Amino acid sequence: MNPYFVCGDGFGEYCGKSANLPYFQYPWAEQLREISSEGSHVKSMLFVGRGIHYPIAREAALKLKECAYLQADGYPSGELKHGPNALLDTDTPLVMLATVDRGDERSVRLYRKTLQLMKDMRAQKARIVCLANAGDTEVPDLADRVIEIEETSDILLAISEVIPLQLLAYFTATSKGLDVDRSRNLTKAVLSE
């Protein structure tokens, strides 16, 4: 079964696993508040992810734009060295999605590439905030801050990443005194006749 296309009988398997995710307790709230207050002066952020994690990076950037009015972009990790890395410095943090499903050979291969990219960005003096598996021993040596996600299948890791990234946008906005319920220039999709 291809874990990137979930349908039929495989869908029930993933749904059953998702019911056991401990993420609805928001274990990262205090850590994300700290990261947000440390970064309340930044004007932009870059988010990167590989494979199934790339759309999550784009969504996180969009949420940060909507809530905190920061310039934010989401890129595939492999494209970072093709221009966007020129923007990185201590005032433009890099948020990297570096979770891994150790039971999936493809996921492990992409994780190794992400680690190499982290090493390259660290040499460039980038400020790195990283989402990684709980207990990961390599990422903490390369990132300034690590937000831990419990290990699960790759597709559920992608879903699990959304929650702390949305909280990051929320806390960044509130640390700037912004009302996240009344974002400027956004229209609620409510139809009436």
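Some notes on this structure:
- Hey, residue 39 closer than 17 Å to residue 164 by Cβ, modelled with pLDDT of 70 or more and of a type outside the set (Ser, Thr, Tyr) or not: no
- Pairs, first under 16 Å from residue 154 (Cβ atoms) in segment 52-77, second assigned to a helix (DSSP H, G or I) and of a type in the set (S, T, N, Q), C-beta under 6 Å, six or more apart: 77/114
- Test result for residue 75, hydroxyl-bearing (Ser, Thr, Tyr) and either within 19 Å of residue 124 (Cα to Cα) or modelled with pLDDT of 85 or more (or both): yes
- Scope segment 74-110; condition closer than 16 Å to residue 166 by Cα and in contact with a Phe, Trp or Tyr (Cβ under 7 Å, 6 or more places away or on another chain); matching residues: 74, 95
- Pairing each residue of segment 106-133 that is hydroxyl-bearing (Ser, Thr, Tyr) with any residue that is assigned to a strand (DSSP E or B), provided the two are 6+ apart or on different chains, yields C-beta distances under 8 Å for 111/98; 114/96; 114/97; 114/98.
- Subset tally (residues that are in contact with a strand residue (DSSP E or B) (Cβ under 9 Å, 6 or more places away or on another chain) and either among the charged types (D, E, K, R) or in a strand (DSSP E or B) (or both)) for segment 27-72: 16
The values are calculated or read from the model by the stated rules, or taken from the named source; none is laboratory data. Only a predicted model underlies this, so the values are computations on that prediction, with no experimental measurement involved. Every residue, glycine as well, gets a Cβ built from its backbone with ideal geometry; the counts of neighbours run over all protein chains shown.
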